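The values are calculated or read from the model by the stated rules, or taken from the named source; none is laboratory data. Note that the coordinates shown come from a computational prediction; the quantities given were computed from them, not determined experimentally. No Cβ is skipped: glycine too gets one built from the backbone with ideal geometry, and neighbour counts run over all protein chains shown.
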DNA sequence: GGTATATTCAATATTTCAATTGAATGATTG
DNA sequence: CAATCATTCAATTGAAATATTGAATATACC
């Protein structure tokens, strides 16, 4: 028998990946990076966490092969290593959804009640985009919108939604999206739009999935 | 304390799942349970770990929704919560394979050199099983074989391979499999069979994937 | 070159995790 | 009902992860 069995060595590596995913803040970083490469600076601001802290998490993630870093001028820009990282996060999310009662509780309490109608699938949105009979709303903050969005989408951050209601065409259906499947902002937007009489629905998931599915992305 | 944001609450749950996957021994338990429900006793024996230790890991995994337990007489039988758990483990493995140089090194050193021929896919094996022109070898220990195996497979544990070489039909191709993609035993078996002049290949992955793909399983 | 800015490093205190041991519980058997 | 077996619990110890702080390094800009 070989002293360090190859199997154990491999499992240690797999465990390293999983363990590194096992931190809420790092999952949040992956959600952000799922939208595109970002600097440490910007990520720290998004998370509302100290820069040194975020930097350390990113380095931990780099050691585990989840992200890669590249220096651009005085910024260090991190990005996801590849699509498999998002896939892994999705797989973990599914385990939690299926088997943790706690998740069900949270989702019911905060999300489901606000989404009585079926969310719109990516395929459906792609189709309706071609017809032009739909208004697509990107409710993320402006900086995230600028770094990449669904072509033709209007950027209406949640904070500005009420102010810009008047500019929306009440005849068209509205589809709102934000970062990912559990991004609260799109739920909130749909709920407020409906309250104003709009026909609003939510995209089933967010920007990262849109990109991962090979859809077109526009940047301004 | 005001309740934390639903998003953070969710991410904590996701992180719990990932963190729980982040231990080599627990991954090994999942590999074992991927073959079917097992008692604490048997799992401990398989891992060569103290029972109390394994029991604790299993309870940790139960809290994270990865496994479920059921009392059967004086045994407590654990099983995977559902298919999503194996899917998550697979997704994590993929991240590691794609992005960790260390994994590549281990695989190259221990596995690849012993597998110059392409492994057989599940689909291919299903087809050739119908033709009957292939000998399927299950090289796992007898107890694991008994709890479920590919229909028509011969159980030849690695330890008995040499002794039973004479009983194998040299005219037929041989396909060997064991637990999972990285289960060393099937590599070893193929290598030894080839050294004896047999036409031997390895199934691309193992028992859990065979089951997950909805293939038939026989038990003796 | 000097200074501001972005990021990383290093040291520390705190918390959490893991393995070990022996005792306690629950179910079965005689 | 005692004895036995499988499992879990509880307490302890050592190891590892995390957040926090302030200093160090690199790059750009003036």
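Odds and ends about this structure:
- Complete set of residues in the stretch A:39-57 that are out of contact with any helix residue (DSSP H, G or I) (no Cβ under 6 Å at 6 or more places or on another chain) and within 12 Å of DNA strand C (Cβ to nearest atom): A:39, A:41, A:42, A:45, A:49, A:50, A:52, A:53, A:56
- Residue identified as surrounded by fewer than 18 Cβ atoms within 10 Å (Cβ to Cβ) and within 22 Å of residue B:66 (Cβ to Cβ) among A:88, A:101: A:101
- Number of the condition not met by residue B:123 [criteria: (1) surrounded by fewer than 21 Cβ atoms within 10 Å (Cβ to Cβ); (2) within 12 Å of DNA strand C (Cβ to nearest atom); (3) under 30 Å from residue B:176 (Cβ atoms)]: (2)
- Scanning the stretch B:6-43 for residues that are within 14 Å of DNA strand D (Cβ to nearest atom) and in contact with a strand residue (DSSP E or B) (Cβ under 9 Å, 6 or more places away or on another chain) turns up B:29, B:32, B:33, B:37, B:38, B:39, B:40, B:41, B:42, B:43.
- In the stretch B:44-54, residue surrounded by the fewest Cβ atoms within 10 Å (Cβ to Cβ) [restricted to those that are more than 8 Å from DNA strand D (Cβ to nearest atom) and away from chain A (no Cβ under 14 Å)]: B:50
- Those residues of the stretch B:4-25 which are more than 7 Å from chain A (Cβ to nearest Cβ) and either assigned to a loop (DSSP other than H, G, I, E, B) or without any contact (Cβ under 8 Å) to a residue 40 or more places away in the chain (or both), in sequence order: B:4, B:5, B:25
- Single unsatisfied condition, residue B:174 versus (1) in contact (Cβ under 8 Å) with a residue 12 or more places away in the chain; (2) surrounded by fewer than 18 Cβ atoms within 10 Å (Cβ to Cβ): (2)
- All positions within the stretch A:28-39 that are surrounded by fewer than 20 Cβ atoms within 10 Å (Cβ to Cβ) and either over 17 Å from the mean Cα position of the chain (by Cα) or at the interface with chain B (Cβ under 7 Å from one of its Cβ atoms) (or both): none
- Qualifying residue in the stretch B:64-73 (condition: within 15 Å of DNA strand C (Cβ to nearest atom), part of a helix (DSSP H, G or I) and in contact with a strand residue (DSSP E or B) (Cβ under 9 Å, 6 or more places away or on another chain)): no
- The helices (runs of 4 or more DSSP H) falling completely within the stretch A:102-220 that include 2 or more residues that are modelled with pLDDT of 85 or more and over 25 Å from residue A:28 (Cα atoms) map to A:122-131.
- If you go through the stretch A:156-186 and keep only what is touching a strand residue (DSSP E or B) at 6+ places or on another chain (Cβ under 8 Å), more than 20 Å from residue A:127 (Cα to Cα) and away from every other protein chain (no Cβ under 14 Å), you end up with A:156, A:168.
- Taking the conditions (1) over 17 Å from the mean Cα position of the chain (by Cα); (2) surrounded by 15 or more Cβ atoms within 10 Å (Cβ to Cβ) in turn, residue A:155 satisfies each one other than (1).
- In summary, residue A:23 fulfils each of the numbered conditions (1) modelled with pLDDT of 95 or more; (2) more than 18 Å from the chain's Cα centre (by Cα); (3) within 14 Å of DNA strand C (Cβ to nearest atom) with the single exception of condition (2).
- For the criterion of being within 16 Å of DNA strand D (Cβ to nearest atom) and surrounded by 19 or more Cβ atoms within 10 Å (Cβ to Cβ), residue B:73 fails.
- The set of residues from the stretch B:65-86 being at the interface with chain A (Cβ under 7 Å from one of its Cβ atoms) and free of Cβ contacts under 8 Å to residues at least 24 places away in the same chain comprises B:81, B:82, B:84.
- Residues in the stretch B:55-64 include at least one that is within 8 Å of chain A (Cβ to nearest Cβ) and surrounded by 20 or more Cβ atoms within 10 Å (Cβ to Cβ).
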